[in-house]
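Input: a single structure, listed below in C-alpha coordinates.
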Amino acid sequence: MSIGHTLLGLLEEGPRHGYDLKRAYDERFGLDRPLHYGQVYATLARLLRNGLVAETGTEPGSGPERKSYAITDAGVTDVERWLATPEKPELYLQNTLYTKVVLALLSGRSAEDVLDTQRSAHLATMRKLTTRKTNGDLADALICDHALFHLEADLRWLELTAARLGELAKEVAE
Amino acid sequence: MTTLLGATGLHKSFGPTEALLGADFGIAAGEVVAVMGPSGSGKSTLLHCLAGIVRPDAGTVGYQGRDLFADTDAERTALRRTDFGFVFQFGQLVPELSCLENVALPLRLGGTRRKKAEAAAAEVMARLEVDDVAPKRPGEVSGGQGQRVAVARALVTAPKVIFADEPTGALDSLSGERVMRMLVTAAKEHDTAVVLVTHEARVAAYSDREAVVRDGRTRQQVTA
Ligand SMILES: Nc1ncnc2c1ncn2[C@@H]1O[C@H](COP(=O)(O)OP(=O)(O)OP(=O)(O)O)[C@@H](O)[C@H]1O
Ligand SMILES: [Mg+2]
(Lines give C-alpha, C1' and ligand atoms only; values in the text may rest on other atoms or scores of the structure.)
(Ligands and ions follow the chains in the order given, each with its own letter.)
Protein backbone atom coordinates (compact mmCIF):
# COMPACT_ATOMS: atom_id res chain seq x y z
CA MET A 1 0.00 0.00 0.00
CA SER A 2 1.42 3.34 -1.01
CA ILE A 3 1.35 5.61 2.04
CA GLY A 4 2.63 8.52 -0.04
CA HIS A 5 -0.24 8.36 -2.50
CA THR A 6 -2.74 7.91 0.28
CA LEU A 7 -1.48 10.97 2.14
CA LEU A 8 -1.53 12.95 -1.09
CA GLY A 9 -5.11 11.88 -1.67
CA LEU A 10 -6.06 13.03 1.82
CA LEU A 11 -4.41 16.39 1.19
CA GLU A 12 -6.68 16.93 -1.80
CA GLU A 13 -9.45 17.80 0.66
CA GLY A 14 -7.33 20.72 1.90
CA PRO A 15 -4.04 21.52 3.65
CA ARG A 16 -3.36 19.70 6.93
CA HIS A 17 -0.78 19.47 9.66
CA GLY A 18 1.24 16.30 9.88
CA TYR A 19 -0.63 15.26 13.00
CA ASP A 20 -4.06 15.78 11.39
CA LEU A 21 -2.91 13.82 8.41
CA LYS A 22 -1.89 10.87 10.54
CA ARG A 23 -5.21 10.97 12.33
CA ALA A 24 -7.17 11.13 9.08
CA TYR A 25 -5.17 8.19 7.72
CA ASP A 26 -5.65 6.08 10.84
CA GLU A 27 -9.38 6.77 10.94
CA ARG A 28 -9.98 5.75 7.36
CA PHE A 29 -7.27 3.25 6.48
CA GLY A 30 -5.35 2.35 9.63
CA LEU A 31 -7.66 -0.40 10.86
CA ASP A 32 -4.87 -2.94 11.12
CA ARG A 33 -1.84 -0.71 11.21
CA PRO A 34 -1.97 2.88 12.34
CA LEU A 35 0.91 5.00 11.01
CA HIS A 36 3.89 5.94 13.13
CA TYR A 37 4.71 9.63 13.30
CA GLY A 38 8.10 8.78 11.88
CA GLN A 39 6.47 7.28 8.77
CA VAL A 40 4.29 10.32 8.30
CA TYR A 41 7.12 12.81 8.52
CA ALA A 42 9.54 10.75 6.44
CA THR A 43 6.87 10.40 3.76
CA LEU A 44 6.01 14.12 3.86
CA ALA A 45 9.71 14.99 3.57
CA ARG A 46 9.95 12.82 0.46
CA LEU A 47 6.79 14.33 -1.07
CA LEU A 48 8.18 17.78 -0.35
CA ARG A 49 11.51 16.93 -2.02
CA ASN A 50 9.68 15.68 -5.11
CA GLY A 51 7.53 18.78 -5.29
CA LEU A 52 4.28 16.87 -4.71
CA VAL A 53 3.42 18.85 -1.56
CA ALA A 54 4.35 22.33 -0.37
CA GLU A 55 4.57 23.82 3.09
CA THR A 56 1.81 26.32 3.62
CA GLY A 57 2.67 27.72 6.98
CA THR A 58 4.41 27.12 10.24
CA GLU A 59 2.92 27.82 13.60
CA PRO A 60 5.11 29.27 16.31
CA GLY A 61 7.48 26.73 17.83
CA SER A 62 9.53 24.13 16.10
CA GLY A 63 9.13 20.56 14.87
CA PRO A 64 7.39 19.06 11.86
CA GLU A 65 4.02 18.74 13.63
CA ARG A 66 3.73 22.53 13.50
CA LYS A 67 3.98 22.62 9.74
CA SER A 68 1.01 22.48 7.46
CA TYR A 69 1.15 20.88 4.01
CA ALA A 70 -0.81 21.36 0.80
CA ILE A 71 -0.87 19.21 -2.32
CA THR A 72 0.70 20.72 -5.48
CA ASP A 73 -0.49 20.36 -9.09
CA ALA A 74 2.23 17.76 -9.61
CA GLY A 75 0.88 15.99 -6.54
CA VAL A 76 -2.65 15.89 -7.99
CA THR A 77 -1.30 14.48 -11.26
CA ASP A 78 0.58 11.85 -9.27
CA VAL A 79 -2.55 10.78 -7.39
CA GLU A 80 -4.46 10.57 -10.66
CA ARG A 81 -1.81 8.39 -12.23
CA TRP A 82 -1.77 6.11 -9.19
CA LEU A 83 -5.56 5.72 -9.21
CA ALA A 84 -5.49 4.92 -12.93
CA THR A 85 -2.86 2.17 -12.58
CA PRO A 86 -4.17 -1.31 -11.68
CA GLU A 87 -2.62 -3.21 -8.81
CA LYS A 88 -0.75 -6.38 -9.57
CA PRO A 89 -3.17 -9.23 -8.91
CA GLU A 90 -1.72 -10.97 -5.88
CA LEU A 91 -1.41 -14.68 -5.50
CA TYR A 92 -2.13 -15.00 -1.79
CA LEU A 93 -2.04 -18.58 -0.56
CA GLN A 94 -2.60 -20.68 -3.66
CA ASN A 95 0.90 -22.06 -3.88
CA THR A 96 1.03 -23.39 -0.35
CA LEU A 97 -2.52 -24.70 -0.38
CA TYR A 98 -2.05 -26.35 -3.76
CA THR A 99 1.16 -27.98 -2.58
CA LYS A 100 -0.56 -29.35 0.51
CA VAL A 101 -3.52 -30.81 -1.40
CA VAL A 102 -1.31 -32.42 -4.05
CA LEU A 103 1.11 -33.81 -1.47
CA ALA A 104 -1.78 -35.24 0.54
CA LEU A 105 -3.14 -37.03 -2.53
CA LEU A 106 0.29 -38.20 -3.70
CA SER A 107 1.03 -39.67 -0.30
CA GLY A 108 -2.35 -41.40 -0.05
CA ARG A 109 -3.56 -39.03 2.64
CA SER A 110 -6.93 -37.33 2.58
CA ALA A 111 -7.10 -34.07 0.65
CA GLU A 112 -10.47 -33.59 2.32
CA ASP A 113 -8.78 -33.47 5.71
CA VAL A 114 -6.49 -30.73 4.44
CA LEU A 115 -9.56 -28.93 3.21
CA ASP A 116 -11.49 -29.37 6.47
CA THR A 117 -8.56 -28.12 8.53
CA GLN A 118 -8.04 -25.13 6.30
CA ARG A 119 -11.74 -24.34 6.14
CA SER A 120 -12.02 -24.25 9.88
CA ALA A 121 -8.99 -21.91 10.15
CA HIS A 122 -10.33 -19.68 7.39
CA LEU A 123 -13.77 -19.58 8.97
CA ALA A 124 -12.33 -18.62 12.35
CA THR A 125 -10.66 -15.61 10.73
CA MET A 126 -13.77 -14.86 8.69
CA ARG A 127 -15.92 -14.86 11.84
CA LYS A 128 -13.69 -12.23 13.43
CA LEU A 129 -13.86 -10.10 10.31
CA THR A 130 -17.63 -10.49 10.19
CA THR A 131 -17.95 -9.39 13.82
CA ARG A 132 -15.73 -6.38 13.16
CA LYS A 133 -17.75 -5.55 10.10
CA THR A 134 -21.06 -5.87 11.94
CA ASN A 135 -19.95 -3.59 14.77
CA GLY A 136 -18.01 -1.10 12.69
CA ASP A 137 -18.69 1.71 10.27
CA LEU A 138 -18.74 1.69 6.49
CA ALA A 139 -14.95 1.90 6.22
CA ASP A 140 -14.59 -1.21 8.42
CA ALA A 141 -17.18 -3.00 6.31
CA LEU A 142 -15.38 -2.23 3.05
CA ILE A 143 -12.00 -3.37 4.32
CA CYS A 144 -13.36 -6.50 6.00
CA ASP A 145 -15.39 -7.44 2.91
CA HIS A 146 -12.27 -7.35 0.78
CA ALA A 147 -10.55 -9.80 3.10
CA LEU A 148 -13.70 -11.93 3.41
CA PHE A 149 -14.11 -12.32 -0.34
CA HIS A 150 -10.47 -13.30 -0.75
CA LEU A 151 -10.63 -15.86 2.02
CA GLU A 152 -13.82 -17.25 0.54
CA ALA A 153 -12.16 -17.46 -2.86
CA ASP A 154 -9.28 -19.46 -1.31
CA LEU A 155 -11.78 -21.94 0.10
CA ARG A 156 -13.81 -22.28 -3.08
CA TRP A 157 -10.69 -22.86 -5.08
CA LEU A 158 -9.48 -25.38 -2.53
CA GLU A 159 -12.82 -27.23 -2.59
CA LEU A 160 -12.76 -27.40 -6.36
CA THR A 161 -9.15 -28.53 -6.41
CA ALA A 162 -9.75 -31.26 -3.85
CA ALA A 163 -12.80 -32.47 -5.78
CA ARG A 164 -11.00 -32.43 -9.14
CA LEU A 165 -7.88 -34.14 -7.87
CA GLY A 166 -9.97 -36.59 -5.86
CA GLU A 167 -11.70 -37.72 -9.04
CA LEU A 168 -8.38 -37.91 -10.82
CA ALA A 169 -6.93 -40.04 -8.03
CA LYS A 170 -9.93 -42.40 -8.29
CA GLU A 171 -9.43 -42.75 -12.04
CA VAL A 172 -5.75 -43.47 -11.59
CA ALA A 173 -6.52 -46.11 -8.95
CA GLU A 174 -9.03 -47.87 -11.20
CA MET B 1 -23.62 -26.76 26.28
CA THR B 2 -27.20 -27.83 26.92
CA THR B 3 -28.48 -29.33 23.71
CA LEU B 4 -31.81 -27.92 22.61
CA LEU B 5 -32.04 -30.04 19.48
CA GLY B 6 -29.87 -33.07 18.87
CA ALA B 7 -29.54 -36.10 16.65
CA THR B 8 -27.49 -39.27 16.93
CA GLY B 9 -26.70 -41.94 14.40
CA LEU B 10 -29.09 -40.76 11.71
CA HIS B 11 -29.45 -43.06 8.70
CA LYS B 12 -31.67 -42.29 5.75
CA SER B 13 -31.88 -43.91 2.33
CA PHE B 14 -33.94 -42.91 -0.66
CA GLY B 15 -34.19 -46.17 -2.58
CA PRO B 16 -30.62 -47.16 -3.34
CA THR B 17 -29.24 -43.73 -2.37
CA GLU B 18 -27.84 -43.54 1.13
CA ALA B 19 -28.26 -39.88 2.05
CA LEU B 20 -27.32 -40.16 5.73
CA LEU B 21 -24.94 -42.75 7.12
CA GLY B 22 -24.77 -42.09 10.82
CA ALA B 23 -24.96 -38.33 11.17
CA ASP B 24 -24.77 -36.67 14.60
CA PHE B 25 -25.74 -33.13 15.40
CA GLY B 26 -26.42 -30.87 18.35
CA ILE B 27 -27.36 -27.24 18.80
CA ALA B 28 -27.98 -25.10 21.89
CA ALA B 29 -30.49 -22.30 22.38
CA GLY B 30 -29.35 -19.08 20.72
CA GLU B 31 -26.61 -20.85 18.80
CA VAL B 32 -26.06 -20.43 15.06
CA VAL B 33 -24.53 -23.51 13.43
CA ALA B 34 -23.53 -23.57 9.77
CA VAL B 35 -24.01 -26.93 8.06
CA MET B 36 -21.54 -27.16 5.20
CA GLY B 37 -20.33 -29.80 2.77
CA PRO B 38 -20.38 -30.73 -0.91
CA SER B 39 -23.53 -30.98 -2.98
CA GLY B 40 -25.38 -34.23 -2.35
CA SER B 41 -23.59 -34.91 0.93
CA GLY B 42 -26.86 -34.98 2.88
CA LYS B 43 -27.17 -31.47 4.34
CA SER B 44 -30.80 -30.90 3.41
CA THR B 45 -31.74 -34.42 4.43
CA LEU B 46 -30.14 -33.81 7.82
CA LEU B 47 -32.07 -30.55 8.18
CA HIS B 48 -35.33 -32.27 7.24
CA CYS B 49 -34.76 -35.01 9.81
CA LEU B 50 -33.90 -32.46 12.51
CA ALA B 51 -37.07 -30.53 11.73
CA GLY B 52 -39.21 -33.66 11.94
CA ILE B 53 -40.16 -33.46 8.26
CA VAL B 54 -38.35 -36.62 7.13
CA ARG B 55 -38.34 -39.69 9.33
CA PRO B 56 -34.88 -41.27 9.54
CA ASP B 57 -34.51 -45.04 8.94
CA ALA B 58 -32.42 -45.27 12.09
CA GLY B 59 -31.17 -42.95 14.80
CA THR B 60 -33.00 -40.45 16.97
CA VAL B 61 -33.81 -36.78 16.99
CA GLY B 62 -34.34 -35.22 20.41
CA TYR B 63 -35.91 -31.84 21.01
CA GLN B 64 -36.07 -30.44 24.54
CA GLY B 65 -35.62 -33.93 25.87
CA ARG B 66 -38.41 -35.54 23.86
CA ASP B 67 -37.98 -38.02 21.02
CA LEU B 68 -39.36 -36.22 17.99
CA PHE B 69 -40.28 -39.34 16.06
CA ALA B 70 -41.97 -41.03 19.02
CA ASP B 71 -44.67 -38.34 18.71
CA THR B 72 -47.66 -38.71 16.41
CA ASP B 73 -47.64 -36.91 13.07
CA ALA B 74 -50.18 -34.42 14.42
CA GLU B 75 -48.02 -33.65 17.45
CA ARG B 76 -44.99 -33.12 15.23
CA THR B 77 -46.93 -30.85 12.91
CA ALA B 78 -48.12 -28.79 15.86
CA LEU B 79 -44.60 -28.57 17.22
CA ARG B 80 -43.28 -27.37 13.88
CA ARG B 81 -45.85 -24.62 13.88
CA THR B 82 -45.19 -23.39 17.41
CA ASP B 83 -41.47 -24.00 17.92
CA PHE B 84 -39.82 -24.10 14.48
CA GLY B 85 -39.41 -21.57 11.70
CA PHE B 86 -38.30 -22.27 8.14
CA VAL B 87 -36.45 -20.31 5.46
CA PHE B 88 -35.66 -21.88 2.11
CA GLN B 89 -33.90 -20.73 -1.01
CA PHE B 90 -37.05 -19.82 -2.92
CA GLY B 91 -40.69 -20.53 -3.64
CA GLN B 92 -41.91 -20.46 -0.09
CA LEU B 93 -44.35 -17.55 -0.07
CA VAL B 94 -47.99 -18.09 -1.03
CA PRO B 95 -48.38 -16.13 -4.29
CA GLU B 96 -52.08 -15.32 -3.78
CA LEU B 97 -51.54 -13.62 -0.41
CA SER B 98 -50.03 -10.21 0.26
CA CYS B 99 -46.60 -10.15 1.91
CA LEU B 100 -48.24 -9.07 5.17
CA GLU B 101 -50.71 -11.97 5.01
CA ASN B 102 -47.83 -14.34 4.25
CA VAL B 103 -45.95 -13.23 7.35
CA ALA B 104 -49.12 -13.42 9.46
CA LEU B 105 -49.96 -16.89 8.12
CA PRO B 106 -48.14 -19.03 10.73
CA LEU B 107 -49.96 -17.14 13.49
CA ARG B 108 -53.30 -17.46 11.71
CA LEU B 109 -52.76 -21.22 11.33
CA GLY B 110 -52.14 -21.32 15.08
CA GLY B 111 -55.51 -19.70 15.70
CA THR B 112 -54.50 -16.08 16.30
CA ARG B 113 -57.13 -13.53 15.24
CA ARG B 114 -56.43 -11.68 12.00
CA LYS B 115 -55.95 -8.22 13.50
CA LYS B 116 -53.53 -9.41 16.14
CA ALA B 117 -51.64 -11.64 13.71
CA GLU B 118 -51.24 -8.86 11.18
CA ALA B 119 -50.12 -6.37 13.81
CA ALA B 120 -47.41 -8.81 14.91
CA ALA B 121 -46.49 -9.44 11.27
CA ALA B 122 -46.18 -5.71 10.58
CA GLU B 123 -43.84 -5.33 13.53
CA VAL B 124 -41.48 -8.11 12.40
CA MET B 125 -41.54 -6.78 8.85
CA ALA B 126 -40.51 -3.36 10.13
CA ARG B 127 -37.57 -4.95 11.93
CA LEU B 128 -36.51 -6.55 8.65
CA GLU B 129 -37.07 -3.31 6.79
CA VAL B 130 -39.71 -4.73 4.45
CA ASP B 131 -42.75 -2.99 5.91
CA ASP B 132 -43.02 -1.00 2.67
CA VAL B 133 -43.87 -4.13 0.65
CA ALA B 134 -46.56 -5.32 3.09
CA PRO B 135 -49.52 -4.84 0.70
CA LYS B 136 -47.72 -6.31 -2.32
CA ARG B 137 -47.94 -9.87 -3.58
CA PRO B 138 -44.70 -11.94 -3.51
CA GLY B 139 -44.58 -11.74 -7.31
CA GLU B 140 -44.30 -7.96 -7.09
CA VAL B 141 -41.24 -7.70 -4.85
CA SER B 142 -37.52 -8.23 -5.48
CA GLY B 143 -35.75 -11.46 -4.58
CA GLY B 144 -34.01 -9.83 -1.62
CA GLN B 145 -37.23 -8.33 -0.31
CA GLY B 146 -39.06 -11.64 -0.77
CA GLN B 147 -36.34 -13.42 1.17
CA ARG B 148 -36.58 -10.94 4.02
CA VAL B 149 -40.36 -11.40 4.01
CA ALA B 150 -39.69 -15.14 4.32
CA VAL B 151 -37.33 -14.51 7.25
CA ALA B 152 -40.03 -12.34 8.84
CA ARG B 153 -42.49 -15.18 8.45
CA ALA B 154 -40.04 -17.60 10.06
CA LEU B 155 -39.55 -15.20 13.00
CA VAL B 156 -43.16 -14.14 13.56
CA THR B 157 -44.02 -17.01 15.90
CA ALA B 158 -40.84 -16.37 17.97
CA PRO B 159 -39.65 -19.92 17.25
CA LYS B 160 -37.07 -21.78 19.32
CA VAL B 161 -35.30 -23.08 16.21
CA ILE B 162 -34.99 -21.67 12.73
CA PHE B 163 -34.09 -24.01 9.90
CA ALA B 164 -32.56 -22.14 6.99
CA ASP B 165 -31.55 -24.05 3.85
CA GLU B 166 -29.41 -21.83 1.59
CA PRO B 167 -31.39 -18.75 2.64
CA THR B 168 -29.11 -16.46 0.64
CA GLY B 169 -28.56 -18.81 -2.29
CA ALA B 170 -30.56 -16.76 -4.79
CA LEU B 171 -29.47 -13.33 -3.57
CA ASP B 172 -26.71 -10.90 -4.50
CA SER B 173 -24.02 -10.24 -1.90
CA LEU B 174 -25.56 -7.17 -0.32
CA SER B 175 -29.06 -8.64 0.01
CA GLY B 176 -27.53 -11.84 1.35
CA GLU B 177 -25.61 -9.88 3.98
CA ARG B 178 -28.76 -8.12 5.10
CA VAL B 179 -30.70 -11.35 5.39
CA MET B 180 -27.91 -12.95 7.41
CA ARG B 181 -27.42 -9.96 9.66
CA MET B 182 -31.11 -9.80 10.43
CA LEU B 183 -31.42 -13.55 10.94
CA VAL B 184 -28.51 -13.60 13.36
CA THR B 185 -29.60 -10.46 15.22
CA ALA B 186 -33.06 -11.87 15.69
CA ALA B 187 -31.60 -15.17 16.85
CA LYS B 188 -29.32 -13.54 19.41
CA GLU B 189 -32.08 -11.26 20.71
CA HIS B 190 -34.59 -14.05 21.19
CA ASP B 191 -32.27 -16.93 22.03
CA THR B 192 -33.36 -18.73 18.89
CA ALA B 193 -31.16 -21.53 17.57
CA VAL B 194 -30.41 -21.38 13.83
CA VAL B 195 -29.51 -24.41 11.72
CA LEU B 196 -28.02 -22.76 8.65
CA VAL B 197 -27.27 -24.88 5.59
CA THR B 198 -24.94 -23.01 3.26
CA HIS B 199 -22.10 -23.61 0.86
CA GLU B 200 -20.91 -20.01 1.07
CA ALA B 201 -18.12 -19.36 3.55
CA ARG B 202 -19.03 -15.69 3.88
CA VAL B 203 -22.53 -16.72 4.97
CA ALA B 204 -21.16 -19.41 7.29
CA ALA B 205 -18.96 -16.72 8.87
CA TYR B 206 -22.11 -15.42 10.59
CA SER B 207 -22.35 -18.70 12.52
CA ASP B 208 -20.87 -19.57 15.90
CA ARG B 209 -19.41 -22.80 14.53
CA GLU B 210 -19.72 -25.14 11.60
CA ALA B 211 -20.66 -28.79 11.14
CA VAL B 212 -19.37 -30.37 7.95
CA VAL B 213 -21.37 -33.14 6.28
CA ARG B 214 -19.47 -35.50 4.03
CA ASP B 215 -20.94 -38.64 2.50
CA GLY B 216 -23.85 -38.63 4.93
CA ARG B 217 -21.73 -38.23 8.04
CA THR B 218 -21.05 -35.12 10.09
CA ARG B 219 -17.51 -34.10 10.81
CA GLN B 220 -15.97 -31.48 13.05
CA GLN B 221 -18.97 -31.64 15.32
CA VAL B 222 -17.25 -29.40 17.81
CA THR B 223 -19.26 -28.90 20.97
CA ALA B 224 -19.21 -25.31 22.18
N1 LIG C 1 -36.62 -37.15 -1.83
C2 LIG C 1 -35.53 -37.76 -2.34
N3 LIG C 1 -35.67 -38.81 -3.17
C4 LIG C 1 -34.58 -39.43 -3.66
N5 LIG C 1 -33.31 -39.10 -3.40
C6 LIG C 1 -33.11 -38.05 -2.57
C7 LIG C 1 -34.20 -37.33 -2.01
N8 LIG C 1 -33.70 -36.34 -1.24
C9 LIG C 1 -32.35 -36.44 -1.32
N10 LIG C 1 -31.99 -37.48 -2.10
C11 LIG C 1 -30.61 -37.89 -2.39
O12 LIG C 1 -29.90 -37.97 -1.16
C13 LIG C 1 -28.59 -37.44 -1.27
C14 LIG C 1 -28.42 -36.28 -0.31
O15 LIG C 1 -29.27 -35.23 -0.71
P16 LIG C 1 -29.39 -33.84 0.04
O17 LIG C 1 -30.47 -33.08 -0.62
O18 LIG C 1 -29.51 -34.07 1.49
O19 LIG C 1 -27.97 -33.19 -0.28
P20 LIG C 1 -27.43 -31.72 0.02
O21 LIG C 1 -26.18 -31.89 0.81
O22 LIG C 1 -28.51 -30.90 0.59
O23 LIG C 1 -27.03 -31.22 -1.45
P24 LIG C 1 -27.12 -29.74 -2.08
O25 LIG C 1 -25.94 -28.98 -1.55
O26 LIG C 1 -26.97 -29.99 -3.55
O27 LIG C 1 -28.43 -29.15 -1.72
C28 LIG C 1 -28.43 -37.05 -2.73
O29 LIG C 1 -27.79 -38.09 -3.40
C30 LIG C 1 -29.86 -36.89 -3.21
O31 LIG C 1 -29.96 -37.17 -4.59
MG1 LIG D 1 -29.59 -29.18 -0.12
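The values are calculated or read from the model by the stated rules, or taken from the named source; none is laboratory data. Everything numeric in this text was worked out from a predicted model, so none of it was measured. Every residue, glycine as well, gets a Cβ built from its backbone with ideal geometry; the counts of neighbours run over all protein chains shown. With ligands, DNA and RNA removed, areas are computed over all heavy atoms of the protein, side chains included. Shrake-Rupley method; radii C 1.70, N 1.55, O 1.52, S 1.80 Å.
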**Prompt:** Scanning for something more than 14 Å from every other protein chain (Cβ to nearest Cβ), within 16 Å of ligand 1 (Cβ to nearest atom), farther than 25 Å from residue B:169 by Cα and out of contact with any strand residue (DSSP E or B) (no Cβ under 6 Å at 6 or more places or on another chain), does segment B:63-79 turn up at least one residue?
**Reply:** no
**Complete:** When every residue in segment A:137-147 that is surrounded by 15 or more Cβ atoms within 10 Å (Cβ to Cβ) and more than 12 Å from every other protein chain (Cβ to nearest Cβ) is compared, the one nearest to the chain's Cα centre (by Cα) is A:143
**Complete:** Within segment B:178-223, residues being buried (at least 19 other Cβ atoms within 10 Å of the Cβ) and away from chain A (no Cβ under 12 Å) number 11
**Request:** Could you identify the single residue in B:169, B:139, B:143 that is within 16 Å of ligand 2 (Cβ to nearest atom) and either open to solvent by 10 Å² or more (accessible area, probe 1.4 Å) or away from every other protein chain (no Cβ under 14 Å) (or both)?
**Result:** B:169
**Fill in**
Checked against (1) within 16 Å of ligand 1 (Cβ to nearest atom); (2) within 26 Å of residue B:189 (Cβ to Cβ); (3) not aliphatic (A, V, I, L, M), residue B:148 satisfies every condition except (1)
**Fill in**
Counting only residues that are touching a Gly at 6+ places or on another chain (Cβ under 7 Å) and open to solvent by less than 30 Å² (accessible area, probe 1.4 Å), segment B:42-60 contains a total of 2
**Message:** Any residue that is within 11 Å of chain B (Cβ to nearest Cβ) and at pLDDT 85 or above - is there at least one of those in segment A:104-121?
**Reply:** yes
**Request:** Have a look at B:38, B:16 and point out the one that is within 8 Å of ligand 1 (Cβ to nearest atom) and either open to solvent by 50 Å² or more (accessible area, probe 1.4 Å) or within 13 Å of the chain's Cα centre (by Cα) (or both).
**Result:** B:38
**Members of segment A:24-49 that are under 21 Å from residue A:133 (Cα atoms) and among the charged types (D, E, K, R)** = A:26, A:27, A:28, A:32, A:33
**Message:** Contact list please: Cβ distance under 6 Å, first residue in segment B:197-208 and aromatic (Phe, Trp, Tyr), second residue surrounded by fewer than 24 Cβ atoms within 10 Å (Cβ to Cβ), pairs at least six apart or on different chains.
**Reply:** B:206/B:184
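Output the number of residues of segment A:155-174 satisfying the condition of being at the interface with another protein chain (Cβ under 9 Å from one of its Cβ atoms) and either open to solvent by less than 40 Å² (accessible area, probe 1.4 Å) or not in a helix (DSSP H, G or I) (or both).
Within segment A:155-174, the subset at the interface with another protein chain (Cβ under 9 Å from one of its Cβ atoms) is A:155-156, A:159, A:163.
In the following step, the residues that additionally are either open to solvent by less than 40 Å² (accessible area, probe 1.4 Å) or not in a helix (DSSP H, G or I) (or both) were identified as A:155.
Residues meeting the conditions: 1.
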